[in-house]
Amino acid sequence: MVTQHFSIAAETDASGNQAVMVPLNRRALVPMQRDRIWRLRKHLVQSLRAMRTMRRPVESASPLRPEPEGFIGTLARAACTLCKGWCCKGGGEHGYMDERVMARVRQARPHLDARAVIRLYTERVPTSSYADSCIFHAKTGCTLDRSLRSDVCNSYFCTGLGNLVKTAEAPPAAIIIANHDGETRMSPVITP
């Protein structure tokens, strides 16, 4: 195991291959507690109420951003899989949901009333999630599909991954390195 501490960045060698450095989630999986689900419900109710008072909910709805495509998308998925959701730590019981996300979800699913929207989210709460992380952060990743996630979740990339996604051209090959406090995990070399 490599014990060197890597910065969260992307480095390119002379051949154009990249080493993409990302953080590493080392939190423990813990059973879901009922009070977390109760706080999620309360937050969703507040967000749905705030949505009803929006002046222009259609125009104010949170956008649904697509995943990166092609080889960059492959590398992004590999990096997030290896990282295991370091960035999810701030999601708490709210998962970054707000009235703008609720407006998007209601527009996409007009047949659902407020109770059905709340049920849509609470049914996706896993039986166990990572400690001190987002309520939807399970061992398999996010239990919400992109259409239900907040714009924060759909558009955020850590520094290393963000630098890669912003590049105009995909590298010929890459390796993903996830590191936290001396623990390092590496992907095999990934090629298109």
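No value in this document is a laboratory result; all are computed from the given coordinates. Note that the coordinates shown come from a computational prediction; the quantities given were computed from them, not determined experimentally. Reconstructed Cβ throughout: ideal geometry from the backbone, glycine too, with neighbour counts over all protein chains shown.
Between Ala114 and Ser147, the modelled label-to-label distance comes to 2.3 nm, taking each label 7 Å out from Cα in the direction of the beta carbon.
Each residue of the stretch 111-125 is assigned a 3J(HN,Hα), and the resulting list reads 6, 8, 8, 4, 4, 5, 5, 4, 4, 4, 7, 5, 5, 9, 6 Hz, derived from the Karplus form 6.51 cos²θ - 1.76 cosθ + 1.60 (θ = phi - 60°), x at Gly and Pro.
An oblate overall shape is assigned to the stretch 12-109, the ratio a/c of its alpha-carbon gyration tensor axes (a ≥ b ≥ c) being 1.5 or greater and a/b not exceeding b/c.
Taking GluC sites (Glu not before Pro) in DSSP loop conformation with at most 10 other Cβ atoms inside 10 Å as exposed sites, the chain has its longest uninterrupted site-free stretch at 1-68. Taking θ as phi - 60° and the Karplus parameters 6.51, -1.76 and 1.60, the scalar couplings of the stretch 33-47 work out to 9, 4, 5, 5, 5, 4, 5, 4, 4, 4, 5, 5, 4, 4, 5 Hz in sequence order, x denoting glycine and proline.
Close amide H partners of Met21, meaning residues 5 or more places away or on another chain with modelled amide H under 5 Å apart, are Ala9, Ala10, Glu11, Ile177. Residue-wise HN-Hα couplings along the stretch 155-162, as the Karplus relation 6.51 cos²θ - 1.76 cosθ + 1.60 with θ = phi - 60° gives them from phi, are 10, 7, 9, 4, 4, x, 6, x Hz; Gly and Pro carry x.
Taking every DSSP bridge with both residues inside the chain, close to 70 percent are antiparallel. For the stretch 102-160, applying the loop criterion from DSSP together with a ceiling of 16 other beta carbons within 10 Å to the chymotrypsin sites (Phe, Trp or Tyr not before Pro) yields Tyr156. Here is the short version for the chain: Cys80, Cys83, Cys87, Cys142, Cys153, Cys158 have no other Cys C-beta closer than 4.7 Å.
Our estimate of slack between Thr191 and Ser60, defined as 0.36 nm per intervening residue step minus the Cα-Cα distance, is 43.2 nm. For the chain, modelled as a GNM whose springs connect Cα atoms under 10 angstrom apart, the maximal fluctuation among Val30, Val125, Val20 occurs at Val30.
Please check which bits of the stretch 84-108 a label hung off Leu29 would reach, taking the label as a point 7 Å along Cα-to-C-beta and the cut-off as backbone N under 16 Å. Under 16 Å, as judged by backbone N against the label point of Leu29, lie 84-86 of the stretch 84-108. The length gained on full extension between Arg124 and Asp181, counted as 0.36 nm times the residue separation minus their Cα-Cα distance, comes to 17.4 nm.
When a footprinting reagent is the concern and you count Cβ atoms within 10 Å, what order do Val58, Val117 take, fewest first?
Numbers: Val58 10, Val117 20.
In increasing order of surrounding Cβ atoms, one gets Val58, Val117.
Classification of the stretch 10-186 by its C-alpha gyration tensor yields an oblate form. The axis ratio a/c (a ≥ b ≥ c) is 1.5 or more, and b/c is at least a/b.
Remark on Ser129: its backbone amide H falls under 5 Å from those of Val30, Met32, a criterion applied only to residues 5 or more positions apart or on other chains, H modelled at 1.01 Å from N.
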